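**Q** Below is a structure I'd like to ask you about.
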Amino acid sequence: MTEDEKEIAEQIASLINPEASRSNMLPRKAEEIHMAIQKGRGFVIAENGMVICFVAIYEWPRYLEIGSVVTREEYRRRGYASRLINEAVTAAKLMGDKPIIALTNPRSTRLFEALGFRHKPRKDEVQNGFWEPCKQTCIDYGRWPKCHCTFMQFFRSE
Ligand SMILES: CC(C)(COP(=O)(O)OP(=O)(O)OC[C@H]1O[C@@H](n2cnc3c(N)ncnc32)[C@H](O)[C@@H]1OP(=O)(O)O)[C@@H](O)C(=O)NCCC(=O)NCCS
């Protein structure tokens, strides 16, 4: 990891993890973010070295997840997340036929709906009310079973 890349990944983690501790999203380590960027699966808007918005694609055995969507607080409601989610969806479509999904929270649901995602819970995929990769992330971060995430599983329609 170069110092610049490390700095960017750490900035992104520092945007994500306070939101994660408020249960708005799943936590991520800077190393995971860096890996996503290196694989071409991390999408960043930055201004003078300051990260404004980030979105990642995470690959699961059966899904491609659009995740870690975060915009720096003072830059919200300007269309940055929408722009990067659309970019990520375009890239995910080129990665194959797996369904494209997102785990949303009550505040981000409308945004994903506006971008073509639809709530479509799949009971067979959910264990104890949690979607398996979501649960695994909470286990990795020592939150399971005391996590309080209120995520909904969304599928991109088409
Ligand atoms: C959710 C989040 C990523 C949205 O980021 P954002 O950059 O503000 O997203 P956008 O600007 O694309 O869209 C947000 C809203 O602003 C509206 N908007 C977009 N451009 C706008 C503009 N120029 N003027 C006014 N409103 C605008 C959108 O229509 C959308 O409206 P909605 O609240 O009805 O859905 C951001 O609020 C955030 O980081 N939240 C904390 C982390 C989080 O919850 N992440 C989601 C995990 S699933």
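The values are calculated or read from the model by the stated rules, or taken from the named source; none is laboratory data. Bear in mind that the values here come from a model prediction, so they are computed numbers and not experimental data. We place every Cβ from the backbone using ideal geometry, glycine too, and count neighbours over all the protein chains shown.
**Q** Can Ala81 be described as part of a helix (DSSP H, G or I) and either closer than 30 Å to Lys146 by Cα or away from the ligand (no atom under 12 Å from the Cβ) (or both)?
**A** Considered against the rule, which asks whether it is part of a helix (DSSP H, G or I) and either closer than 30 Å to Lys146 by Cα or away from the ligand (no atom under 12 Å from the Cβ) (or both), Ala81 comes out as yes.
**Q** Considering each residue of the range 26-59, count those that are within 16 Å of the ligand (Cβ to nearest atom), not β-branched (Val, Ile, Thr) and not in a helix (DSSP H, G or I), and give that number.
**A** Total meeting the criteria: 12.
**Q** I've got another one for you. With buried (at least 17 other Cβ atoms within 10 Å of the Cβ), farther than 18 Å from Glu113 by Cα and in contact with an Asp or Glu (Cβ under 8 Å, 6 or more places away or on another chain) as the only criterion, which of Phe43, Phe54 stands out?
**A** When all the criteria are applied, what remains is Phe43.
**Q** Looking at the range 116-123, can you tell me whether even one residue there is more than 9 Å from the ligand (Cβ to nearest atom), without any contact (Cβ under 8 Å) to a residue 24 or more places away in the chain and more than 25 Å from Gln11 (Cβ to Cβ)?
**A** Taking every residue of the range 116-123 in turn, at least one turns out to be more than 9 Å from the ligand (Cβ to nearest atom), without any contact (Cβ under 8 Å) to a residue 24 or more places away in the chain and more than 25 Å from Gln11 (Cβ to Cβ).
**Q** Moving to a separate point now. Determine the pairs where a residue that is without any contact (Cβ under 8 Å) to a residue 40 or more places away in the chain, located within the range 5-24, has a partner that is surrounded by fewer than 14 Cβ atoms within 10 Å (Cβ to Cβ) and polar (S, T, N, Q) with Cβ atoms under 9 Å apart, the partner being 6 or more residues away or on another chain.
**A** Filtered contacts from the range 5-24: Glu5/Gln38.
**Q** Going through the range 64-78 one residue at a time, which ones are in a strand (DSSP E or B) and more than 8 Å from the ligand (Cβ to nearest atom)?
**A** Within the range 64-78, Leu64, Glu65, Ile66 qualify.
**Q** Return a yes/no flag: does the range 66-77 have any residue that is more than 18 Å from Ile12 (Cβ to Cβ), modelled with pLDDT of 95 or more and over 14 Å from the mean Cα position of the chain (by Cα).
**A** Yes, the conditions are met somewhere in the range 66-77.
**Q** Can you tell me which of Glu59, Glu74, Glu32 is out of contact with any Leu (no Cβ under 6 Å at 6 or more places or on another chain), without any contact (Cβ under 8 Å) to a residue 12 or more places away in the chain and surrounded by 15 or more Cβ atoms within 10 Å (Cβ to Cβ)?
**A** Residue meeting the stated conditions: Glu32.
**Q** I need the full set of residues from the range 8-30 which are modelled with pLDDT of 95 or more and acidic (Asp, Glu), in order please.
**A** Listed by number, the list holds a single entry, Glu10.
**Q** Can you name the condition, by its number, that Leu15 falls short on among (1) in contact with a Phe, Trp or Tyr (Cβ under 9 Å, 6 or more places away or on another chain); (2) assigned to a helix (DSSP H, G or I); (3) within 19 Å of Ile139 (Cα to Cα)?
**A** (3)
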